[in-house]
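Participant: Supplied in structure tokens, the structure appears directly below.
The values are calculated or read from the model by the stated rules, or taken from the named source; none is laboratory data. Predicted, not measured: the structure shown is a model, and the values here were computed from it. We place every Cβ from the backbone using ideal geometry, glycine too, and count neighbours over all the protein chains shown.
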Amino acid sequence: MFNINEIIEKLRDVLSSEKNDGKVFDKEIATALDLTSVNFATMKKRNSVPFSNILDFCALKKISINWLLYGQDPSSLIDSTDKYWIKYFPTVSVSAGGGAYDEEDEYEQLDLPDFFIDIIGGKENVKNIEAINVTGDSMEPTLNNGNIIFIDKTKQNVNKDGIYAFINENGLFVKRIQRRVDGGLDVISDNKEYPMQIVDKNGINVLGKVVSSIGKVF
């Protein structure tokens, strides 16, 4: 479990290296993380780590998230990197049979090659992308068993046709969704062995749009 006070002290070290007097107060750290003083105080009290704010801070300062969170290469504050990475949830699977998803699930850091950045929406969009696994054959040949799919969590508006990851009462799914003229949704499996379903748009919770995938081609 992360210790928020240890992380704060490292943030303080980073910011103090930029000042002549070296003094950094909690208010300045809160500002650097784009948090209010009240939220910052609550975060400290609850030992809650604002991961997205810290990721933005590290990207801005060009320092290693591994150094900040895990203490790797602590000898230097300039463990600089221009690499980009996203959250990959290896234990989360989306399938025709339903899966499970919880934002508190443990994730791994998935480093991205430079050429892949534009495919998923550019450098500014990396923080909005998460990766999970595909199991089953309901979306073949577009998505195959064992593929990793990349989900843009800002694209939850199903007014535009596309492939989406969503949750309903039966679990976690990835399907092609098309909006009907009557306001309903056609939920389509690319594998024609599976029937199309018609659902009410309020009957599903859309996690995001699938913007890319990697894995085997059959």
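Participant: For Asp200, are the conditions met, namely being free of Cβ contacts under 8 Å to residues at least 40 places away in the same chain, farther than 25 Å from Thr91 by Cβ and surrounded by 14 or more Cβ atoms within 10 Å (Cβ to Cβ)? Steps first, answer last, please.
Facilitator: Values: free of Cβ contacts under 8 Å to residues at least 40 places away in the same chain: yes; farther than 25 Å from Thr91 by Cβ: yes; surrounded by 14 or more Cβ atoms within 10 Å (Cβ to Cβ): no.
Answer is no for this residue.
Participant: While we're on this one: Take the stretch 14-33 and flag every residue that is exposed (fewer than 13 other Cβ atoms within 10 Å of the Cβ) and modelled with pLDDT under 90.
Facilitator: Selection gives Ser17, Glu18, Lys19, Asn20, Asp21, Gly22, Lys23.
Participant: So if I check each of Asp152, Asp200, which one is under 30 Å from Phe51 (Cα atoms) and among the acidic types (Asp, Glu)?
Facilitator: Asp152
Participant: Which residues, taken from the stretch 195-218, are in a loop (DSSP other than H, G, I, E, B) and either within 16 Å of Asp137 (Cα to Cα) or not aliphatic (A, V, I, L, M) (or both)?
Facilitator: Pro195, Met196, Asp200, Gly215, Lys216, Val217, Phe218
Participant: Sort out which residues of the stretch 173-193 are in a loop (DSSP other than H, G, I, E, B) and surrounded by fewer than 17 Cβ atoms within 10 Å (Cβ to Cβ), and write them in order of number. Reasoning before the result, please.
Facilitator: Applying the first criterion (in a loop (DSSP other than H, G, I, E, B)) to the stretch 173-193 yields 180-184, 189-193.
Arg180, Val181, Asp182, Gly183, Gly184, Asp190, Asn191, Lys192, Glu193 - these are the residues of the stretch 173-193 that are in a loop (DSSP other than H, G, I, E, B) and surrounded by fewer than 17 Cβ atoms within 10 Å (Cβ to Cβ).
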